[in-house]
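To start, the structure itself, in structure tokens.
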Ligand SMILES: [Zn+2]
């Protein structure tokens with residue numbers, strides 16, 4: 001783009017088109033205050049993957065995802081709606097000028113609802129999911145299994161990181177996610193904190209009370225064991241074989257982990273020596289994974305909303321997906337927000353997953 005003109009023949013990116021539309025096509029007809037309002041909304045897109053997307057490659061899901069992210073960041077419905085109207089104007093103009101075949105917003109519902117209403121549609125697009133799954137398949141068993149589990153059961157970080165081999169039935173393909181692992185903060189154990197050589201409690205020479213602990217969240221009481229899809233089970237079996245070999249290895253470096261309360265678990269996801277991964281290092285690995293896949297950083301949390309889609313994309317039979325989704329989605333406490341896990345939502349996801357556009361292989 002030069003001198004505010006979009007080169008004919010090559011599709012502009014969304015950012016290029018918005019600049020062109022706002023400053024070349026639209027500006028003359030806008031009051032200064034309106035222009036500023038438009039600029040402020042368009043600035044939300046700055047340096048985002050959405051803004052770098054070519055206009056003709058934009059899909060309704062990209063825009064829905066962006067709206068969802070803005071809502072999750074706490075933007076009011078009214079503000080997101082303003083952005084929606086601005087984009088709609090820009091897309092209409094793009095269609096009129098032959099830069100765009102059709103307006104992708106025709107397939108996107110305008111943001112609605114009270115501004116304090118929680119809004120949690122999927123933050124991953126099926127395309128993101130496809131990339132993550134394809135990449136996870138190429139990783140060593142410990143990594144492949146970890147991320148396949150995240151994609152299948154939603155993030156449930158503590159439950160996955162707290163999973164022990166005692167809760168895995170490899171023969172029948174069942175797991176029991178009734179245990180969790182959670183971090184507790186270290187406290188100063190010294191007499192006088194002001195004279196402690198450590199500024200932070202976890203560095204205190206006589207620290208106490210911190211570390212990783214096993215627990216059973218009340219919200220999970222009564223949860224049944226869950227089927228493990230064949231696509232995940234094959235990785236889980238490889239990982240188990242790897243652990244058995246490590247246990248037999250000379251020097252026996254790998255040991256079950258015992259927490260400060262004396263609870264011992266032979267962990268499925270652990271460091272080579274059998275000690276648990278800290279939640280934040282798990283997090284870092286997830287971010288690195290997304291980066292390797294070229295997927296925007298999204299909260300691990302967001303994976304939950306598309307786990308049904310992901311399972312269908314993995315080729316997990318619909319019946320199994322239904323069972324896992326229902327068990328996991330019912331009675332999961334721990335967030336004040338309502339779940340987007342109604343059957344309606346599930347079917348919506350299922351129909352997404354079914355689309356051959358997004359098939360993995
Ligand atoms: Zn201290």
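Here's a check for you: in the range 197-210, which residue that is at pLDDT 90 or above and surrounded by 16 or more Cβ atoms within 10 Å (Cβ to Cβ) is nearest to the ligand (Cβ to nearest atom)?
If we take residues in the range 197-210 being at pLDDT 90 or above and surrounded by 16 or more Cβ atoms within 10 Å (Cβ to Cβ), then 204 is nearest to the ligand (Cβ to nearest atom).
What number of residues within the range 148-171 are modelled with pLDDT of 85 or more, assigned to a loop (DSSP other than H, G, I, E, B) and in contact with a strand residue (DSSP E or B) (Cβ under 9 Å, 6 or more places away or on another chain)?
Looking only at that region, the number is 2.
Do we find a residue being away from the ligand (no atom under 16 Å from the Cβ) and without any contact (Cβ under 8 Å) to a residue 12 or more places away in the chain anywhere in the range 225-236?
There is at least one residue in the range 225-236 that is away from the ligand (no atom under 16 Å from the Cβ) and without any contact (Cβ under 8 Å) to a residue 12 or more places away in the chain.
Can you find a residue in the range 174-196 that is away from the ligand (no atom under 16 Å from the Cβ), part of a loop (DSSP other than H, G, I, E, B), closer than 25 Å to residue 275 by Cα and modelled with pLDDT under 85?
Checked against the condition, which is being away from the ligand (no atom under 16 Å from the Cβ), part of a loop (DSSP other than H, G, I, E, B), closer than 25 Å to residue 275 by Cα and modelled with pLDDT under 85, the range 174-196 yields at least one hit.
Would you be able to tell me the number of residues in the range 145-181 that are over 21 Å from residue 325 (Cα atoms) and in contact (Cβ under 8 Å) with a residue 40 or more places away in the chain?
Summing the residues that are over 21 Å from residue 325 (Cα atoms) and in contact (Cβ under 8 Å) with a residue 40 or more places away in the chain in the range 145-181 gives 4.
Quick check on residue 260: is it modelled with pLDDT of 80 or more and in a loop (DSSP other than H, G, I, E, B)?
Details: modelled with pLDDT of 80 or more: yes; in a loop (DSSP other than H, G, I, E, B): yes.
Considered against the rule, which asks whether it is modelled with pLDDT of 80 or more and in a loop (DSSP other than H, G, I, E, B), residue 260 comes out as yes.
The values are calculated or read from the model by the stated rules, or taken from the named source; none is laboratory data. Since the model is a prediction, treat every value here as computed from it, not as a measurement. Counting neighbours? That spans all protein chains shown, and the Cβs are built from the backbone with ideal geometry, glycine included.
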